[in-house]
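Visitor: Let me give you the structure first, and then I'll get to my questions.
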Amino acid sequence: MTASLVDEMLERNKNFATSHRPYKFFSESMSRKLPSVLIITCLDPRCKPEEFLCLKPGEAIIFRVGGGRVAPLIAQVASMDCFVGGFREVMIIHHTDCGATYLTAEKIQSHILKEEGVSIKDTNGLVLPVIVDLEQRVHDDVKLLRESKVIRRDLKECIKGYLYDVKTGLVARV
């Protein structure tokens, strides 16, 4: 029997652990400055804000979600804003050649029906990561977060949208 990729990753973890330096417990690090920027972006492995924004440790908290869509994360944004004592800025970063631009609601519906016999209509508010117009989706997500009742009023002004070009490496404000 061949080992699964998960088994292989767990073996790699054992090697990692041999030289791992432990992190401080949360209670020990409370005196440190907490991140002031929240980045919401896609879970695509090519979309790594740590790399393309040259982030330093502790500068930002990154939430990753399919298509970089904001809707599934609003409660987490509000909770994390409270946890860090208030973000100063939020960056919503979508990217070119996103897999969500290749999806359609019909394709997802077909998959759901084939696998489970369930309709998207039965999922009570499911937000699909389907993207037709990237720039419009960035505008839509910025607007959605700014209009949310659970986001602090003064933070709403600091929510901005961006598009990361996976070919050039550049990030542009939308």
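Visitor: Which order do peptides 6-19, 70-83, 46-59 fall in by mean Cβ count within 10 Å, highest first? Walk me through the intermediate numbers first.
Guide: Numbers: 6-19: 9.1, 70-83: 16.1, 46-59: 13.9.
Highest to lowest by the protection proxy: 70-83, 46-59, 6-19.
Visitor: In whole Å, what is the distance between the alpha-carbon centres of segment 36-52 and segment 69-111?
Guide: 11
Visitor: How much length is gained if the chain between S110 and R146 is pulled fully straight, taking 0.36 nm per residue apart and subtracting their Cα-Cα distance, in nm to one decimal? If you can, show how the numbers build up before the last one.
Guide: Details: separation 36, 0.36 × 36 = 12.96 nm, distance 3.32 nm.
Working it through step by step, the gained length comes to 9.6 nm.
Any read-out appearing in this document is the output of simple, stated calculations on the displayed coordinates, not a laboratory observation. Because the structure is a prediction, the values reported are computed rather than measured. Counting neighbours? That spans all protein chains shown, and the Cβs are built from the backbone with ideal geometry, glycine included.
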